[in-house]
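Taken together, the values in this text are just the output of simple stated rules run on the coordinates, not laboratory data. Note that this is a predicted model, so its numbers are computed, not measured. All Cβ positions, glycine included, derive from the backbone under ideal geometry; neighbour counts span all protein chains shown.
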Amino acid sequence: MRSFIVAALVLGGAPLCAGSTALAQERTASPAGAEVYIISPKDGAIVHNPVRVQFGLKGMGVAPAGVKYDNTGHHHLLIDTDPPADQSTPLPATDKIVHFGKGQTETTLANLTPGKHTLQLLLGDQNHIPHNPPVLSKKITITVTK
Ligand SMILES: [Cu+2]
């Protein structure tokens, strides 16, 4: 986890090239028909901790952060939050935007508070920037009982 945060900070803080003050980078194109989705839990599921979340991806492949390869990306799990309005810069790493920069395709959430939570997946390229167009899953709502 620490390495992802460090990577994001480095990407966010480093000047891209001499003479450029903008942090915006060229966005990576996603292929037509690419689709990311949450395999489980299902939308509306009633679950308890720990909650295993499995990521599905069609029409693209998973590659670790930092690896540039056509039609790939890595998963970001958005927990109780919307995607950032500006998707031209690297996604921040926060409690609500979790990076899976090693190429993981599932995770386990152990500390969800009881009640409703939303989950959504957003693919990012090797620089943690959403593709163009973004590869974003449907947002699901789950209810955690304990
Ligand atoms: Cu990332």
Practice task
Just name the residue that is farthest from the chain's Cα centre (by Cα) out of those in region 79-105 that are within 16 Å of the ligand (Cβ to nearest atom) and among the charged types (D, E, K, R).
Solution key: 86
Practice task
Six or more apart or on different chains, Cβ under 8 Å: which pairs go from a residue in region 64-83 that's closer than 13 Å to residue 102 by Cα and assigned to a strand (DSSP E or B) to one that's away from the ligand (no atom under 14 Å from the Cβ) and among the aliphatic types (A, V, I, L, M)? Could you list them?
Solution key: 72/60; 73/60; 75/57
Handout entry: Given (1) among the small types (Gly, Ala, Ser); (2) more than 15 Å from the chain's Cα centre (by Cα); (3) within 13 Å of the ligand (Cβ to nearest atom), index of the condition residue 115 fails
Key = (3)
Practice task
State which residue is nearest to residue 127 (Cα to Cα) when the search covers only region 30-64 and only residues that are surrounded by 13 or more Cβ atoms within 10 Å (Cβ to Cβ) and among the small types (Gly, Ala, Ser).
Solution key: 63
